[in-house]
Every structure is written in structure tokens, then in C-alpha cells.
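Asks: Got a structure here, written out as C-alpha cells. Questions coming.
The values are calculated or read from the model by the stated rules, or taken from the named source; none is laboratory data. Predicted, not measured: the structure shown is a model, and the values here were computed from it. Methodologically, a virtual Cβ is constructed for each residue, glycine included, from the backbone with ideal geometry; neighbour enumeration extends over all protein chains shown.
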Amino acid sequence: MHTLITYAAPPGPHCKAALPQLVLPNLGRLLRHLSPGARLQGQSTDLTPVHERVQAQAQGLEGADGLIPWAAQEAQRLDLTALHGPQGWAWVTPCHWTVQSDHVEMADPQHLALTPRDAETLYLAMQPYFAEDGITLFAHAQGQTHTRWLAHGAVFANLPTASLDRVAGHGVDAWLPRQPQAKPLRRLQNEMQMLLYTHPVNDQRATFHLSAVNAFWVSGTGTLHVPHGVPQPTTTCSVRDALRQPALADDAAAWTAAWHALDASTLAHDLERLQQGGPLQVTLCSDTQALTLEHRPLRPLQRLMRRIAPPQAQDFLRSL
């Protein structure tokens with residue numbers, strides 16, 4: 001069993017200041033039994049956050065920065081790669097952009113609260129424009145029918161794109177693809193802004209004080225490679241992202257409450273599993289690092305030191 005906790009130590013100043021207030025007894029107990037293993041180092045400027053790289057490794061996916069083939073993997077599950085091939089896939093996520101005085105900011109798409117009916121209406125309106133640029137939108141992305149669409153087109157082949165987690169709540173300028181091949185996408189953004197400005201779905205959303213859908217984000221690009229004769233990972237990676245939204249908003253109170261809930265539920269179950277002799281890995285991620293804790297036999301001196309000076313959860317999180 002592999003538990004992956006994202007945004008365990010986020011970069012926001014308010015959440016950082018809340019670290020000393022965390023009370024995480026089960027994480028503390030796990031730290032007495034587990035030892036630091038692999039540490040994955042990233043940069044805040046990477047298109048792919050470290051937690052997505054950990055997920056990709058657990059699933060046997062390969063790809064450079066911004067080219068983890070999440071969309072192609074989904075297309076394979078839907079039997080679409082047999083017809084269209086393993087490259088040129090992407091996720092297209094409807095979103096809301098706000099023009100500030102010196103930048104354009106994207107709100108977290110999860111806050112849009114699109115209904116399946118509204119998403120279908122927007123899909124039908126947007127699809128012909130994408131088709132003119134050789135992009136096919138698939139409305140039946142498994143489990144994501146009202147939050148994102150699967151897309152296929154030559155423009156996405158080998159085009160690095162930034163994860164939504166990099167852009168949500170931040171300016172989009174630094175994360176937009178600037179390669180010459182992305183020029184049709186920039187034009188398409190302008191067309192969608194004009195199309196959606198007076199769209200009936202947005203008019204109706206306005207009556208409920210909901211943000212308009214006025215843009216889209218492309219992510220999940222990359223070519224799916226399935227090497228023959230290489231065994232695929234068998235460990236289940238269970239992603240826990242309850243800390244994500246409060247971390248992106250730098251909401252210290254909500255982030256602290258979410259951490260306490262994770263400790264009382266997920267980490268309590270992990271501790272019980274470990275005490276029963278089951279295999280366990282726990283990976284905690286910050287904005288730039290991921291550290292995996294593993295169960296290894298301890299030398300007598302190590303066991304003694306951990307009893308004398310037990311590892312502290314807050315100190316561990318500060319090290320990320």
C-alpha cells in the first residue's frame with residue numbers, strides 16, 4: 001500500500017505559519033517506525049509538480065517535464081489509442097480567467113461547479129471551433145464529463161503543458177505554451193473568449209453569482225509508451241488531495257483542519273496496517289519535494305534514539 005499526500009507542506013506564507021499548530025499524532029507514530037527513503041526534488045518552475053511525478057512513477061508512466069501522458073493513458077483505457085494512436089492527446093478543462101491590472105489569473109476550475117448539462121451545452125458550442133484546428137473533443141471522458149474533456153490533435157504532440165495545479169489561483173502568463181506549434185491554441189483561446197462572453201450558460205450562471213466560463217486550459221499532454229517485457233508496478237498508489245484546495249488558496253485554518261482529518265483517518269488506517277505487518281509506503285509532498293517513508297529494519301541504536309528523541313511531525317514537514 002502506498003499513500004501519497006499532496007500539499008503536505010505548501011509554499012503559502014499563512015499555511016507555513018500554521019505548521020507549529022498542527023497536532024498529528026498518527027504521523028508522529030509512523031515516523032517512529034518508518035524511515036526516509038527516496039526523495040524526489042523538483043523546482044517551483046517545473047510544469048509537472050512533484051506529486052504528479054510520484055503518481056506517474058507508481059503507474060509506470062514515463063515523460064519529461066510537462067509531458068506525463070495522463071490524457072493518453074485515459075484514451076487507452078477508453079480504447080481510443082487503437083484508432084488514433086498513442087500521441088497527440090490532451091485534457092481540455094473549461095475555466096475562468098480574470099484580467100488583473102498586470103496579469104491574467106485563473107481561478108481553480110474545481111470552483112466552477114459546472115453541472116453536466118451546462119458542460120454538455122458548452123461542449124457542443126465549442127467543439128466546432130476546435131474541429132476547425134484539427135482537434136477532436138471527446139465528451140465522454142471517463143468520470144470527468146463535467147470537469148474536463150479528452151482531446152486529440154496534432155497540435156498536442158510533444159507539446160509540454162503545465163499542470164492545472166501550477167496555474168489554479170495564479171497568473172497564467174508564465175505557464176502558457178509559447179512554442180510555435182501552440183499558436184493555433186492561442187488563437188483558439190481568443191475565439192472561445194468571444195464565443196463565451198455572451199453565451200446563455202454564462203448568462204444563467206450570472207443570475208446565481210457564479211463565475212463565467214471564459215477560457216480553457218490544456219494539460220496532460222505526452223506520448224504513452226508501453227515498453228514490452230517490462231513489468232508494470234503492482235503497488236496501489238492511493239492519492240489523498242484534501243489539502244490541495246486550502247493550500248492553493250493559502251487558507252491556513254482550512255489546511256490545518258484538513259491535515260487533522262487526514263491524520264485521524266488515512267494515517268490512522270496506515271498505522272494500523274503497519275502494526276498488523278502489512279506493507280506500507282507513505283509519500284508526503286511539498287511544492288518542490290516528495291519524500292517517501294518506508295518500513296525498514298532498524299538497528300538497535302536507531303531504535304534507542306527514536307525512543308529517546310522521537311521524530312516530530314512538524315520538524316519533518318518543515319524539511320520538505
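Asks: For the stretch 91-104, indicate whether the set of residues that are assigned by TED's automatic domain parsing to the domain that holds Q193 and touching a His at 6+ places or on another chain (Cβ under 7 Å) is non-empty.
Replies: Applying the first criterion (assigned by TED's automatic domain parsing to the domain that holds Q193) to the stretch 91-104 yields 91-104.
The next check asks that each one be touching a His at 6+ places or on another chain (Cβ under 7 Å); those that pass are none.
No.
Asks: A further question on this structure: Restricting to the stretch 173-212, what's the tally of residues that are over 13 Å from P94 (Cα atoms) and not in a helix (DSSP H, G or I)?
Replies: 9
Asks: Now, a different point. Looking at the stretch 65-76, which of its residues are over 11 Å from T221 (Cβ atoms) and surrounded by fewer than 23 Cβ atoms within 10 Å (Cβ to Cβ)? Steps first, answer last, please.
Replies: Taking the stretch 65-76 and keeping what is over 11 Å from T221 (Cβ atoms), we get 65, 73-76.
Residues satisfying the conditions are D65, Q73, E74, Q76.
Asks: Quick one: how many residues across the stretch 257-284 are in a helix (DSSP H, G or I), under 20 Å from the mean Cα position of the chain (by Cα) and buried (at least 19 other Cβ atoms within 10 Å of the Cβ)?
Replies: 3
Asks: Just checking, how many residues over the stretch 48-76 are part of a loop (DSSP other than H, G, I, E, B), under 15 Å from A90 (Cβ atoms) and not aliphatic (A, V, I, L, M)?
Replies: 4
Asks: Now for a different question. Among (1) in a strand (DSSP E or B); (2) in contact with a helix residue (DSSP H, G or I) (Cβ under 6 Å, 6 or more places away or on another chain), which single condition is A151 missing?
Replies: With (1) in a strand (DSSP E or B); (2) in contact with a helix residue (DSSP H, G or I) (Cβ under 6 Å, 6 or more places away or on another chain) applied to A151, the lone miss is (2).
Asks: Which of the residues spanning the stretch 108-136 are part of a loop (DSSP other than H, G, I, E, B), surrounded by fewer than 16 Cβ atoms within 10 Å (Cβ to Cβ) and within 24 Å of the chain's Cα centre (by Cα)?
Replies: Applying the first criterion (part of a loop (DSSP other than H, G, I, E, B)) to the stretch 108-136 yields 108, 113-115, 133-135.
Retained after the next criterion (residues that are surrounded by fewer than 16 Cβ atoms within 10 Å (Cβ to Cβ)): 113, 115, 133-134.
Scanning the stretch 108-136 gives A113, T115.
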